[in-house]
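In what follows, a structure is listed as structure tokens, so that the remarks can point back to it.
The values are calculated or read from the model by the stated rules, or taken from the named source; none is laboratory data. As the structure is a computational prediction, the values presented were derived from the model and not from experiment. A quick note on method: Cβ atoms are made from the backbone with ideal geometry, for glycine too, and the neighbour counts reach across all protein chains shown.
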Amino acid sequence: MEYFKIAEADILKPGEMKRFSVHNKTVLLANVDGVFYALDNKCPHMGGSLADGDLEGATITCPRHGAKFDVRTGKSVGNAKLAFVSVKVNDAKALPVKVEGTEVFVELA
């Protein structure tokens, strides 16, 4: 697979995240304690934009129905809620990240 430049490393401080468009894909890039992680920005539950959610530590919460994911791995760590019903959610798609000098690259699958 090929890595694509997504941003300069100084664009995100620890605890921040941002959405980027790269080769017709929308990617969420997050800085957790100085380490960059990337997810497909689309929530696997109902397609909400994860970048519009909240990042607390390494956990991102989807703004649509509250599904929670570990931004480091994409693993689901909290079910979505529809009305009063808890719905199991698949894992988000984590993307490999590498930093070279001051540039951040993401591998797109």
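Brief remarks on what is shown
- Candidate set from the stretch 27-84 (those that are farther than 26 Å from Ile11 by Cα and among the aliphatic types (A, V, I, L, M)); member that is farthest from the chain's Cα centre (by Cα): Ala83
- When residues in the stretch 8-20 are screened for being small (Gly, Ala, Ser) and at pLDDT 95 or above, 1 of them pass.
- Every pair of residues 6+ apart whose Cβ atoms lie under 8 Å, when the first sits in the stretch 80-101 and is assigned to a strand (DSSP E or B) while the second is polar (S, T, N, Q): Ala80/Ser86; Ser86/Asn79; Val87/Asn79; Ala94/Thr73
- Residue ID - surrounded by the fewest Cβ atoms within 10 Å (Cβ to Cβ), chosen from residues in the stretch 58-75 that are touching a residue at least 24 places away in the same chain (Cβ under 8 Å) and not in a loop (DSSP other than H, G, I, E, B): Ile60
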